[in-house]
Amino acid sequence: MPVQKKVAIMQPYFCPYVAYFQLISSVDVFVIYDNIKYTKKGWINRNRILQDGSDKLISLPLKTASDYLDVVDRELADNFDAKKLLNQIRAAYLHAPYFKQIYPLLESIVRYPERNLFEFLYHSVVKICTHLHISTKIIKSSSLDIDHSLKNQDKVLAICQSLGATQYVNALGGQDLYSKADFLSRNIALNFIQSELREYQQFGAKFVPWLSIIDLMMFNSDDEISDYLKNGYTLL
């Protein structure tokens, strides 16, 4: 019987929400795009945390540069103040039940000395996966021997074939972008991950969903997060 290999591919994001880590946890190999265009209005260098009962944007300021550069060619701004960002997170979550366990992890992420945006984000994803006991192999897209000029589904298929994938798992938002028939024609099953919304206590106020993984870690035990990562989604 042939060996099954599940693959997922995503852009890097700054402390993304739980579904991102469910996706990583659900596969054998996770490819993180470094040679993909930076999107200014996306979530690559920003996210949301809970502050005073509502969502609050946090972001990594970037050096001014061309809108056509890849993520790997962008740099954090010289005025990026790690202490200021950490103080914002501290003020928001100081009284959260798992603050003492999680804050040192966030310090190691935010104070990471790398100024290259991709390397900074890559380091953060790897650190969080380690903390969450996610053992999935994580590789950079540029390390693969494919035609990197390919776009969209063609590029995804090339990556999957280069890795010997038998199954490709994508975020739910990609349902209109990919054809199950095209994947099956290359002996690759295509699935989409749908995360289950699980409410948890956030200082006793009305629940604010889909915040950064920071929020989930601040309010939930390792066992609760582990169960969410393993059982809190459906493959479509």
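The values are calculated or read from the model by the stated rules, or taken from the named source; none is laboratory data. Treat the numbers as computed from the prediction; the structure is a model and nothing was measured. All Cβ positions, even for glycine, are placed from backbone atoms using ideal geometry, and neighbour counts span all protein chains on display. Calculation scope for accessible area: heavy atoms of the full protein, side chains included, ligands and nucleic acids excluded. Shrake-Rupley method; radii C 1.70, N 1.55, O 1.52, S 1.80 Å.
Things worth noting here:
- Restricting attention to the stretch 132-159, the residues that are within 23 Å of residue 229 (Cβ to Cβ) and open to solvent by less than 50 Å² (accessible area, probe 1.4 Å) total 5.
- Of residues in the stretch 145-181 being in contact with a strand residue (DSSP E or B) (Cβ under 7 Å, 6 or more places away or on another chain) and of a type in the set (A, V, I, L, M, F, W, C), the one nearest to residue 101 (Cα to Cα): 171
- The listed residue being under 22 Å from residue 152 (Cα atoms) and either assigned to a strand (DSSP E or B) or touching a residue at least 40 places away in the same chain (Cβ under 8 Å) (or both), out of 50, 23, 57: 23
- Residue, modelled with the lowest pLDDT, within the stretch 144-189, restricted to residues that are in a strand (DSSP E or B) and under 20 Å from the mean Cα position of the chain (by Cα): 171
- Taken over the stretch 88-107, the residue count meeting the criterion of being touching a residue at least 24 places away in the same chain (Cβ under 8 Å) and either open to solvent by less than 80 Å² (accessible area, probe 1.4 Å) or under 20 Å from the mean Cα position of the chain (by Cα) (or both) is 10.
- Total residues in the stretch 109-128, condition surrounded by fewer than 18 Cβ atoms within 10 Å (Cβ to Cβ), in contact with a helix residue (DSSP H, G or I) (Cβ under 6 Å, 6 or more places away or on another chain) and not in a loop (DSSP other than H, G, I, E, B): 1
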